[in-house]
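Worksheet for the structure shown next.
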Amino acid sequence: MTAVLALDYASALIFAASGALAASRAQLDLVGFAFLASLTALGGGTVRDLLLDRTIFWIADPLPLAIACVVAVLVFFTAHLLESRQTVLLWLDAGALPIAVAAGVRAATDLGHTAPIIVLMGIATGCFGGLLRDIVANEVPLLIRTGKLYVTAALAGAAAAVATQRLTGDATLALVACIAVAFILRGGSLAFGWRLPVYKARPPRPPLE
């Protein structure tokens, strides 16, 4: 199994759970659970593979799709046991994001792309699944909520991977750096309120006389 495929499996598993929890909050039926779990689990990797002109990973190997559907069924019957589904959803998303970013980074690296493309593929793989989940579930997307570190965490993780790869030549260490940096930033944003400054409108200037 390649590193990209292993990372895709792991991120699909966790993202699927977050998608299924979003479906529970929207009170969907079992088919809706499977659809939203699959969309979340596979969306980022699909966008990445289309942009990189790769065979879409879940078409080449349908196991991630099967994983998403199984997770959807499990969450359908157990979501009511959770005290706060939103909190669990946020932390599942925070766990899946760094893994998906690392998958995008590794896929672009294996194809010999330049640093900007590697970073962008990491961001796309990490962010698009959650973005599609939130849009379909009629939620404000996590990646644009009030300055919280989401795209920033993905960007920093992908950049850390590129820098580590260039400095050490160790592809595995680069993935570890990617996952660590992205998770620390996203987790810190959730746990401690870390955020970037946000734009605040200023009152208009008085007209010139």
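The values are calculated or read from the model by the stated rules, or taken from the named source; none is laboratory data. Note that the structure is predicted; figures quoted are calculated from it, not measured. Positions of Cβ are backbone-derived with ideal geometry, glycine not excepted, and every protein chain shown enters the neighbour counts. For accessibility, only protein heavy atoms count, side chains too; no ligands or nucleic acids. Shrake-Rupley method; radii C 1.70, N 1.55, O 1.52, S 1.80 Å.
At each listed q (0.22, 0.24, 0.28 Å⁻¹), what is the log10 of I(q)/I(0) that the Debye formula gives for the range 45-99 modelled as equal alpha-carbon point scatterers?
Scattering profile of the range 45-99, log10 relative to I(0): -0.97, -1.02, -1.09.
In the chain, what percent of the accessible surface is made up of carbon and sulfur (1.4 Å probe, ligands and nucleic acids excluded)?
Solvent-exposed carbon and sulfur of the chain make up 68 percent of the total.
With the contact rule set at Cα under 8 Å and sequence spacing of 6 or more, what percent relative contact order holds for the range 1-69?
38 percent
When a/c reaches 1.5 or more, the comparison of a/b and b/c decides; with that in mind, is the range 64-170 rounded, prolate or oblate per its Cα gyration tensor?
Cα axes put the range 64-170 in the prolate bin.
For the range 137-209, with every protein chain kept in place, what is the accessible area per residue (1.4 Å probe, Å²)?
Normalised by residue count, the accessible surface of the range 137-209 is 68 Å².
Can you give the net charge of the other residues whose Cβ lies under 14 Å from the Cβ of Ser24, counting K and R as +1 and D and E as -1?
0
Report the full-extension gain for the segment His113 to Ser84: residue separation times 0.36 nm, less the Cα-Cα distance, to one decimal in nm.
6.3 nm
State, as an integer percentage, the relative contact order of the range 116-159 based on alpha-carbon contacts under 8 Å between residues 6 or more apart.
For the range 116-159, the relative contact order is 48 percent.
Provide the net charge surrounding Gly104, with neighbours chosen by a C-beta distance below 13 Å and charges set as Lys +1, Arg +1, Asp -1, Glu -1.
0
Could you grab the relative contact order for the chain? Cα pairs under 8 Å, six or more apart, rounded to a whole percent.
22 percent
Within the range 136-152, list the residues whose amide N lies under 17 Å from a label point set 7 Å along Cα→Cβ of Val198.
139-152
Full-extension gain between Ile144 and Arg166, please, as 0.36 nm times their residue separation minus the C-alpha to C-alpha distance.
4.8 nm
If you project the alpha carbons of the range 80-134 onto their three principal axes, what span does each projection cover, largest first, in Å?
46, 16, 12
Based only on Cα atoms, what mean projected area does the convex hull of the chain have, in nm²?
Mean shadow area of the hull around the Cα atoms is 14.9 nm².
Charges at C-beta only: +1 for Lys and Arg, -1 for Asp and Glu. How large is the resulting dipole of the chain about its Cα centre, in Debye rounded to 20?
In total the dipole reaches around 680 debye.
In terms of the ratio Rg/(2.2 N^0.38 Å) built on C-alpha atoms, what value belongs to the range 1-72?
Taking N as the residue count of the range 1-72, the ratio is 1.07.
Compute the orientation-averaged projected area for the range 22-64 from the convex hull of its Cα atoms and round it to one decimal in nm².
Hull-based average projected area comes out at 3.2 nm².
From the backbone phi of the range 94-104, what are the Karplus-calculated ³J(HN,Hα) couplings (6.51 cos²θ - 1.76 cosθ + 1.60, θ = phi - 60°) in whole Hz, Gly and Pro given as x?
5, x, 6, 3, x, 5, 5, 4, 4, 4, x
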